[in-house]
Amino acid sequence: MPEIRFRGAVAPLRRPAVNLPSSVAPMVAALRPEQPLHCLRPATIAAAAAAFRASFPGRVLYAVKCNPEPAVLRALWSGGLRHFDCASLGEVRLVRSMFAEASIHFMHPVKARGAIREAWERHGVSDFVLDSAEELQKILDETGRGSGRLGLVVRLALPKGPAVYDLSGKFGAQEAEAALLLRAARPHAARLGVSFHVGSQCLEPAAYTRAVALAARVIQAAGVQVDVLDVGGGYPVAYPEVMPPPLRAFTSAIAAAVEVEGLEDLELWAEPGRALVAGGTSVVLQVQHRRGDALFVNDGVYGALSDAGAPGFRFPVRLLRPGGGSAAPLVPFAFFGPTCDSADRMEGPFLLPADVSEGDWIEVGQLGAYGSALRTAFNGFDRAGILEVTDAPLLETPGYQVVAAA
Ligand SMILES: *Cc1c(COP(=O)(O)O)cnc(C)c1O
């Protein structure tokens, strides 16, 4: 049978086949790109991974869905990251194809049977998350009951919290059910865990404190030994006019909650996505038309800028005009993306020199998380390039800077 191909499959990011300067502004001057150009900062990503690992008192798993670009994964690896939170067979295969020694954890609570089987048999995956008795049964069926090596992690539902992206609606077992699942899973598990996700871009360390307390109640109610506490993702990054508490405020809140709840004997895991990679990619756009204070640019909500659409995120921007910048004062602009959909609009406001005009380039920062990962081929606007640069990110998040060598 012929392999089914998806007609709309998005074009992979392509590296221009020329030698270019390693800094964004001269690179744009040399290349004059008419397609969006993703500027990857491997040093920024490696430093964020190293900073998170130094601050978090446990094991750090990278949530691959946030940005599965191979160059991003390599940068994380060089920052010492060895554990990957995968949610699909595609992610499992990708990580395994790149790193024979990586530890891969399958953290989606609803998996295809074939995906469980292939991950277990062919890719050395032994940790699986679940939030129902049916999923536990599926995992036991497809791994031949785990032959004494199975890690089973029960995902808890959390009440809606303060995070910008609420993740409480879809996954997770309620308190009483979670306790029953822990009891049911215990006899099959070499390693038994509890996990939760407070929601993405969570600005409040206390959200983790409350979630750890809930996990402790569930463990108490289950009355069985639990080996792992996985406090999930959600750690925030800086955006214009959003300066989160430093990383240390989150890792300290988690460590303190673990102690207060008497869970120090458990192995602690975290699953950061956004926090490790957001600053690691900017995208250079070109202005194709200006209408008043709206700029028609060559990427939008169906490309790398989906968070700038309906979710209303603001991103840091700077003008790149080869042969001289602009001394004009900064004024607010909105963007229109290239597709014909009127929803392809980004309100911003994006602060740029008042004389920005057709042909100018704009660098948009903080797009390493849920940016390139969400690109589509809608309307045929899916061509984009990728390059590695040595520039600092457009915005720094407190706590993730390069740690000076001792
Ligand atoms: C998306 C996701 C993450 C990463 O979340 P961030 O907010 O990007 O840190 C971690 N764990 C799970 C289970 C997820 O679905």
| remark: Once phi for every residue in segment 60-70 is put through the Karplus expression 6.51 cos²θ - 1.76 cosθ + 1.60 (θ = phi - 60°), the whole-Hz ³J(HN,Hα) values, with Gly and Pro written as x, are 10, 9, 8, 7, 4, 4, 4, 6, x, 4, x
| message | Nearest 500 deg cm²/dmol is fine: what mean residue ellipticity at 222 nm does the chain get from its DSSP H runs of n ≥ 4 alone, each adding -39,500 (n - 2.57), divided by its residue count? | response | -8000 deg cm²/dmol
| task | Would you work out what percent of the accessible area of segment 43-276, with all protein chains in place, is carbon or sulfur (probe 1.4 Å)? | result | 52
| task | In whole Å, largest first, what are the principal axis extents of the Cα atoms in segment 43-276? | result | 49, 40, 30
| task | Once you have a ≥ b ≥ c as the square roots of the Cα gyration tensor eigenvalues for segment 156-197, tell me rounded if a/c is under 1.5, and otherwise prolate or oblate according to whether a/b is larger than b/c. | result | prolate
| remark: In degrees rounded to 10, the 0-90 angle between helix 133-142 Cα long axis and the longest Cα principal axis of the chain is 90
| task | Select from segment 282-391 those chymotrypsin sites (Phe, Trp or Tyr not before Pro) which occupy a DSSP coil region and have at most 16 other Cβ atoms within 10 Å, ordered by residue number. | result | none
| Where the chain is the region considered: accessible area per residue in Å², 1.4 Å probe | 42
| task | Under 19 Å Cα to Cα from Lys160, which lysines show up? Leave out anything in the same chain fewer than 8 places away. | result | Lys170
| task | Apply the Debye scattering formula to segment 39-102, with a single equal point scatterer on each alpha-carbon and no solvent, then give log10 I(q)/I(0) at q = 0.23, 0.24 Å⁻¹. | result | -0.96, -1.04
| task | Evaluate the Kirkwood expression for the hydrodynamic radius of the chain, namely the inverse of the mean inverse distance over all pairs of different C-alpha atoms, and round to one decimal in Å. | result | 22.3
| task | Give the share of C-alpha pairs in each 10 angstrom bin for segment 59-149, from 0 to the last occupied bin, in whole percents, shortest bins first. | result | 17, 51, 25, 6
| Residue by residue through segment 258-266, which ³J(HN,Hα) values in whole Hz follow from phi under the Karplus form 6.51 cos²θ - 1.76 cosθ + 1.60 (θ = phi - 60°), with glycine and proline marked x? | 4, 5, 4, 8, x, 10, 4, 7, 7
| message | Please give the charge dipole size of the chain, origin at the Cα centre, charges +1 on K and R Cβ atoms and -1 on D and E Cβ atoms. Round to the nearest 20 debye. | response | 700
| said: Going by amide H atoms built from the backbone, whose H comes under 5 Å of the H on Arg59, apart from near neighbours? | reply: Leu268, Trp269, Ala270
| field | Percent accessible area from carbon and sulfur atoms, segment 306-406, protein chains only, probe 1.4 Å | value | 58
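The values are calculated or read from the model by the stated rules, or taken from the named source; none is laboratory data. Computed from a predicted model, the values in this text were never measured in an experiment. Backbone-built Cβ (ideal geometry, glycine too); neighbour counts: all protein chains shown. The area values use the complete protein model at the heavy-atom level, side chains included, leaving out ligands, DNA and RNA. Shrake-Rupley method; radii C 1.70, N 1.55, O 1.52, S 1.80 Å.
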